[in-house]
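To start, the structure itself, in structure tokens.
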Amino acid sequence: MHFVSQGPQATEAWARTLSLFARPGFVVLLKGDLGAGKSTFARAFIKALALDEKDFDVPSPTFTLVQAYDDLRVPVAHVDLYRLGAHGDVAELGLGELVKTHLLLIEWPQQSCDKLSEDRLHLTLSGSGTNRDIEVEAHGAWAKALNRNAEIEAFFNVHNIALASRRFFEGDASSRRYEKVQSGSGALILMDMPQRPDGPPVKNGRPYSAIAHLAEGLREVVGVNDELLKMNYSAPRIFVCDLNHGLALIEDLGSQVYGQMIKAGADMTEPMHAAIDLLADMASRVWPRQVPVRDAGIYAMPSYDEEAQLIEVDLLPVWFHAHLHGRVAPEALRHSFAGLWQEVLPFTKLAQPIWVLRDFHSPNLLWLPEREGVCRVGLIDTQDAVLGHPAYDLASLLQDARVDVEFAFADQLYVRYENQRKKQGAFDAEEFARAYAILGAQRASKILGIFARLNARDGKPQYLKHMPRVSRYLARNLEHPALSKIKSWFLHEMPEALNIGKTHE
């Protein structure tokens, strides 16, 4: 139990803070007498999830009982059971279904509301005016969220950060979260990246993340970003960090995210040209295999080896097959698929590999027009970098899974990249085109599996809408002669992976 003594403004501020951790499936149960502040808390919580908080109206659900807000950052259902009474039938309201896709804020909850979710936050408000108390009882993921928030506040205090506001900035398919922080020194970004716990073993007693060389924590972020800055690229500067708790305050590179610009219909010619030039520049550099992590030792950059690439493509027969048929593909089918990749992946190995960021796509690129040259491209989410073939990041950019990059525009950008590389010296265009097709197909196969996994395992069906786009990329890559056997495998064993995007271009 925890008690917080506060007035109405503090109640609203605390509601906005808790909204930073909002997720579908969470339930907030608001108890207390009339005038205790339940609606004050609920309205502030909901408005904090809106794009435009000032002009967002939150009417009372007293008469409708349930008021749904589907267009917020996290969908919310605001419920008021006062008129229903202590013995009314909550089941008829359909809250059991709503909680699967929404966060529920329930005023005057009944005892039966406890059964809606394990991730519950009980808030009992009492008092009035400037003297209010909130009794807090947290369960499941809500308890973890409150503990995390306490660690964040302690981090601010240790580094003497005087906060004016905290706003949610980013956080989606992973455990990382970002907040925009306004302090006395200006705008900063809080990076909340707790150490990744090991998942279940999937091969030889090792978890997927270890085999695929996914970053385990903040050490990788610090090491990679510091080196990118040293090489004069626009990664965000890390001002202060706590590696043990996975917290950092980093440079705010602005809000002109490529993905959002594309969706808004912006002219992307210049930003995409700059991104192409950056990739060509990266390909011309000699990259270190080890980097210092400030006062925390050395980080060894992993190689994008065959084991990592194979565990990634295996996501397709495991998760995408299950998405189609309700079961994991038979072992023989998985084995035949892996065997075909083992024949072509060696064509993507280089004697002198470069750093490959692996997530060089629209959500992680920011346009910085006030800077010059390749520094106009801001780079975030770089911690999964590996030593590999430069064609992978080019495929990530031109075959973006989240937004449409029309084939004609992608082909123009590809030619620009090719010309830039030729200016640098010897460039084998045929070898690069083969690697580009192989790695593009490998990446598309992986992403189809990931999106199916996000839907089935993590309850995030919104990624399914991107599958047709990824399918189109996969089909196009498979037209390269080097991938003829893999194309035949898809046509025979899993044609759905190609057909879901067949109507485009």
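Quick note: the coordinates plus some simple rules give every number you see, no bench work behind them. Because the structure is a prediction, the values reported are computed rather than measured. Don't worry about glycine lacking a Cβ; one is built from the backbone with ideal geometry, like all the others, and counts go over all protein chains shown.
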Checklist line | Within segment 191-499: Cβ-based charge dipole about Cα centre, in debye rounded to nearest 20 (Lys, Arg +1; Asp, Glu -1) | finding: 500
Notebook entry, point to check: How large is the dipole of segment 2-141 about the Cα centre if only Lys and Arg carry +1 and Asp and Glu carry -1, each at its Cβ, rounded to the nearest 20 debye?
Noted result: 200
Next item on the list: For segment 407-505, please report how many Lys pairs fall under 30 Å Cα to Cα, leaving out neighbours fewer than 8 apart on the same chain.
Entry: 12
Note to self: If the reach is capped at under 19 angstrom between alpha carbons, list the lysines near residue 47, excluding any in the same chain fewer than eight residues apart.
What the structure shows: 38, 180
Margin query: What does the C-alpha gyration tensor say about the overall shape of segment 316-475? Classify as rounded when a/c is under 1.5, otherwise prolate if a/b is larger than b/c, or oblate.
Written below: oblate
Check: Is segment 2-141 rounded, prolate or oblate when judged by the Cα gyration tensor, a ≥ b ≥ c being the square roots of its eigenvalues, rounded requiring a/c under 1.5 and prolate requiring a/b larger than b/c?
Finding: rounded
Check: If one puts a single equal scatterer on every Cα of the chain and applies the Debye formula without solvent, what log₁₀ I(q)/I(0) results at q = 0.13 Å⁻¹?
Finding: -1.32
Checklist line | Taking segment 191-499 and dividing mean pair separation by its residue count, relative contact order in percent (alpha carbons under 8 Å, at least six apart) | finding: 20
Notebook entry, point to check: Applying 1/(1 + (r/R0)^6) with R0 = 25 Å to the Cβ-Cβ distance of residue 237 and residue 408, what FRET efficiency is obtained, to the nearest 0.05?
Noted result: 0.10
Next item on the list: Mind checking the full-extension length gain between residue 267 and residue 164? Use 0.36 nm per residue of separation minus the Cα-Cα distance, one decimal, nm.
Entry: 33.6 nm
Item checked: Gain in span if fully extended, residue 349 to residue 128, counting 0.36 nm per residue against the direct Cα distance -> 72.7 nm
Item checked: With Cα atoms, 0 to 90° folded angle of helix 429-456 axis to the chain main axis -> 20
Notebook entry, point to check: Got a sec? Charge dipole of the chain, +1 on Cβ for Lys and Arg, -1 for Asp and Glu; which of 394, 124, 41 is way out at the positive end?
Noted result: 394
Next item on the list: Rounded to the nearest 10 degrees, what's the angle between the helix 467-477 long axis and the longest principal axis of the chain, both from Cα atoms, 0 to 90?
Entry: 10
Next item on the list: Mind pulling the angle between the C-alpha long axis of helix 38-48 and the longest principal axis of the chain? Nearest 10 degrees, somewhere in 0 to 90.
Entry: 20
Next item on the list: Set the Förster radius R0 to 35 Å, insert the Cβ-Cβ distance between residue 13 and residue 115 as r into 1/(1 + (r/R0)^6), and round the FRET efficiency to 0.05.
Entry: 0.70
Note to self: Per 0.36 nm of contour for each residue apart, how much would the distance between residue 335 and residue 456 grow if the chain were fully extended, relative to their Cα-Cα spacing?
What the structure shows: 41.3 nm
Note to self: Taking every DSSP beta bridge with both residues inside segment 2-141, roughly what % is antiparallel (nearest 5)?
What the structure shows: 55
Check: When the dipole is taken about the Cα centre of segment 81-228, and only Lys, Arg (+1) and Asp, Glu (-1) are charged at their Cβ, what size is it in debye, to the nearest 20?
Finding: 200
Item checked: Alpha-carbon Rg/Rh ratio, for segment 277-353, with Rh computed the Kirkwood way -> 1.14
Next item on the list: Considering the options 96, 14, 108, tell which one lies farthest towards the positive end of the dipole of segment 2-141, charges being +1 on Lys and Arg and -1 on Asp and Glu at the Cβ, about the Cα centre.
Entry: 14
Checklist line | Rough spin-label spacing in nm, given labels placed 7 Å along Cα→Cβ, for residue 84 and residue 154 | finding: 3.8
